Amino acid sequence: MSEFLLAAAEEVVARLGIFRPVANCIFSILISIVMIILVYVMISRARRGEKIPEIRKIPGIEAFEEAIGRATEMGKPVHMTDYSTALGSDSTFAYWSFLAYIAKQCAQYDTRFIATDANYLVNVVNQEIVKQAYLEAGKPDAYNPDDVRFIAGSQFAWAMGVAGLVGREKPAAQFLVGYFYAESLILAEAGNLVGAIQVAAASSPAQIPFFVAACDYTMIGEELYAGAAYVSRDPVIMGTVVAQDIVRVSLYVIVLLGGIVQWMSPENNFITTFINF
Amino acid sequence: MRKEVPFIISLVFAAVRFALEAFHGAYEYTMASGDKLLNALSWAMTFMAMAAIFLGALNLFRIHGNNIRRKRPHWQFSVYLLALLAYQSIMGLVQSHTGTIYLWPYNAVYLPLDATMFSMLAFYIASAAYRAFRIRNVDAAVMLLAAFIVMMGNVPIGEVIWGPDSFLGGFQGVKEWILRVPNAAGNRAITLGIFLGVMATQSRILLGIERRHLGQD
């Protein structure tokens with residue numbers, strides 16, 4: 001007991017004099033700085049018209065136009081939803097890119113677009129984004145604020161509200177974009193019951209198998225963020241995807257080297273020490 | 001200015017938050033009141049959310065009041081909503097959040113409904129699994145096989161058919177290998193990708209490139 005009390009009373013010493021003494025602190029800061037610099041460099045290069053590496057094709061993105069086209073041909077609406085946890089959530093920012101893209105496409109084709117969400121603050125931004133998309137498509141009068149709906153803040157109240165709406169409105173295409181929890185399958189099955197073509201882009205690893213099982217196309221994990229840049233068709237934004245890929249390859253190299261060093265000298269794995277620093 | 005001011009505010013607060021998380025001195029910084037600066041910022045966020053809820057409640061009364069006054073379609077639901085909102089607000093003020101009358105609608109109505117909706121997931125899982133496990137190609141066949149082994153490793157009958165003391169540790173041994181090796185590897189790759197995507201998105205917001213959320217020009 002006294003050992004615990006002594007340990008608790010011991011003064012916490014900062015790492016290198018300034019950093020917090022928690023595992024991975026310095027490595028995380030390093031990766032963050034590298035990422036910010038890379039994003040800035042790649043975007044600057046794109047702005048100057050210099051060559052940046054091509055980004056990979058994302059099959060799910062191709063499905064967006066196909067799904068909207070199908071809804072247009074059938075004269076049925078397009079529905080999009082997310083279970084955004086907060087206004088500042090990363091997946092919400094990615095969701096907004098898709099929202100702007102899909103709303104604009106629907107406005108151009110005169111297809112009704114319905115967006116639902118579970119956060120009252122996010123809903124205000126959604127209204128603004130969809131309104132702007134209709135404006136950009138040259139059809140501001142076609143924008144209907146009642147089609148950008150806040151359903152409920154509670155998880156299953158929202159899920160059942162959305163499932164009910166899908167059952168009544170019978171959309172021909174449904175997009176499930178963002179971070180989802182246990183309600184993922186309820187939404188996907190509701191879309192499936194009305195015969196909607198479904199595209200999911202989820203950043204929650206636990207829900208990806210459900211979307212793979214129930215949807216026609218699924219964008220996995222990081223494709224949600226890369227896809228958000230891809231749909232904008234903006235080379236400046238695409239620079240971030242290139243930066244992302246460079247850091248990914250670097251991290252894979254570190255993981256590979258870490259594995260080799262661990263195999264050769266488990267007691268002196270300097271790569272693990274570096275990562276934990 | 002409509003976009004610049006929110007961007008500058010978000011940049012400053014992102015820098016402050018980063019410093020609080022990364023630097024020992026900033027993390028431990030205590031204000032004159034005795035509160036940590038980090039906790040004070042969290043409180044500020046809570047207060048802002050409370051103000052937003054207050055505005056939201058006012059807006060709700062305005063919109064649904066109009067629905068009732070103009071007898072719009074389904075206006076009866078607006079009456080129901082406003083009545084419940086008033087009931088919960090008044091009971092919350094009178095009884096506090098632990099009062100039995102205040103908690104009754106939550107415990108007796110909301111919770112059973114919520115549990116009912118959640119339980120419907122079992123039926124949805126069955127219908128989705130049926131579609132997913134139809135063998136259409138090699139990938140679906142591999143998934144079916146893996147799912148079958150994991151399922152058998154979790155149920156008692158699996159232990160009877162191929163027990164843990166037999167070759168490869170039976171269904172349970174193979175299940176554990178599937179979860180620990182190929183499944184964990186795939187999951188970590190996805191998680192790493194998500195982490196990079198999040199960082200790239202944050203960098204875009206921090207550098208002011210992502211401004212869609214700030215509205216139209």
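The values are calculated or read from the model by the stated rules, or taken from the named source; none is laboratory data. Predicted, not measured: the structure shown is a model, and the values here were computed from it. All Cβ positions, even for glycine, are placed from backbone atoms using ideal geometry, and neighbour counts span all protein chains on display.
Odds and ends about this structure:
- The listed residues are A:S84, A:S91, A:S97, and the only one of them that is under 17 Å from A:A200 (Cα atoms) and modelled with pLDDT under 80 turns out to be A:S84.
- Hits in region B:69-87 - residues which are under 19 Å from A:I151 (Cα atoms) and either hydrophobic (A, V, I, L, M, F, W, C) or in a helix (DSSP H, G or I) (or both): B:W75, B:Q76, B:F77, B:S78, B:V79, B:Y80, B:L81, B:L82, B:A83, B:L84, B:L85
- Some residue of region A:147-163 being surrounded by fewer than 16 Cβ atoms within 10 Å (Cβ to Cβ), of a type in the set (G, A, S) and within 9 Å of chain B (Cβ to nearest Cβ): yes
- Check on B:R134, within 11 Å of another protein chain (Cβ to nearest Cβ), of a type in the set (K, R) and either surrounded by 12 or more Cβ atoms within 10 Å (Cβ to Cβ) or more than 30 Å from A:F211 (Cβ to Cβ) (or both): no
- Residue, farthest from A:R70 (Cα to Cα), within region A:106-132, restricted to residues that are at pLDDT 90 or above and of a type in the set (F, W, Y): A:F113
- Test: B:G173 is of a type in the set (G, A, S), within 17 Å of A:A206 (Cβ to Cβ) and part of a helix (DSSP H, G or I): no
- Among the candidates B:M91, B:M45, B:M1, residue that is in a helix (DSSP H, G or I), modelled with pLDDT under 85 and either closer than 30 Å to A:I31 by Cα or not hydroxyl-bearing (S, T, Y) (or both): B:M45
- Test: residue in region B:75-91 that is under 20 Å from A:L87 (Cβ atoms) and within 14 Å of chain A (Cβ to nearest Cβ): no
- Search result, residues across region B:4-23 that are assigned to a helix (DSSP H, G or I) and aromatic (F, W, Y): B:F7, B:F13, B:F18
- Taking the listed residues A:F210, A:F270, A:F175, the one that is touching a strand residue (DSSP E or B) at 6+ places or on another chain (Cβ under 6 Å) and either in contact (Cβ under 8 Å) with a residue 12 or more places away in the chain or more than 30 Å from A:E73 (Cα to Cα) (or both) is A:F175, with no other qualifying.
- If only residues of region A:94-116 that are free of Cβ contacts under 8 Å to residues at least 40 places away in the same chain and assigned to a strand (DSSP E or B) are counted, the one that is farthest from the chain's Cα centre (by Cα) is A:F113.
- Between B:L113, B:L144, B:L121, the distinction of being within 30 Å of A:A182 (Cα to Cα) and either charged (D, E, K, R) or at pLDDT 90 or above (or both) belongs to B:L113 only.
- One residue from B:I157, B:I149, B:I101, B:I161 being over 28 Å from the mean Cα position of the chain (by Cα), in the same structural domain as B:H64 (by TED's automatic domain parsing), free of Cβ contacts under 8 Å to residues at least 60 places away in the same chain and more than 30 Å from A:A228 (Cβ to Cβ): B:I101
- Failed item in (1) in contact with a Cys (Cβ under 8 Å, 6 or more places away or on another chain); (2) part of a loop (DSSP other than H, G, I, E, B); (3) not basic (K, R), with A:E50 passing the rest: (1)
- Test: residue in region A:229-246 that is surrounded by fewer than 21 Cβ atoms within 10 Å (Cβ to Cβ), of a type in the set (S, T, Y), over 20 Å from A:V148 (Cα atoms) and touching a residue at least 40 places away in the same chain (Cβ under 8 Å): yes
- Region A:11-25 - residue that is more than 7 Å from chain B (Cβ to nearest Cβ) and charged (D, E, K, R) and, of those, farthest from B:L20 (Cα to Cα): A:E11
Yes/no matrix, rows are residues, columns are (1) within 11 Å of chain A (Cβ to nearest Cβ); (2) surrounded by fewer than 19 Cβ atoms within 10 Å (Cβ to Cβ); (3) polar (S, T, N, Q); (4) farther than 30 Å from A:V34 by Cα:
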site	(1), (2), (3), (4)
B:F148	no, yes, no, yes
B:L179	no, yes, no, yes
B:V198	yes, no, no, no
B:T201	yes, no, yes, no
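- Hits in region A:188-228 (condition: aromatic (F, W, Y) and facing another protein chain (nearest Cβ under 8 Å)): A:F210, A:Y225
- Some residue of region A:176-187 being over 21 Å from the mean Cα position of the chain (by Cα), more than 11 Å from every other protein chain (Cβ to nearest Cβ) and buried (at least 21 other Cβ atoms within 10 Å of the Cβ): no
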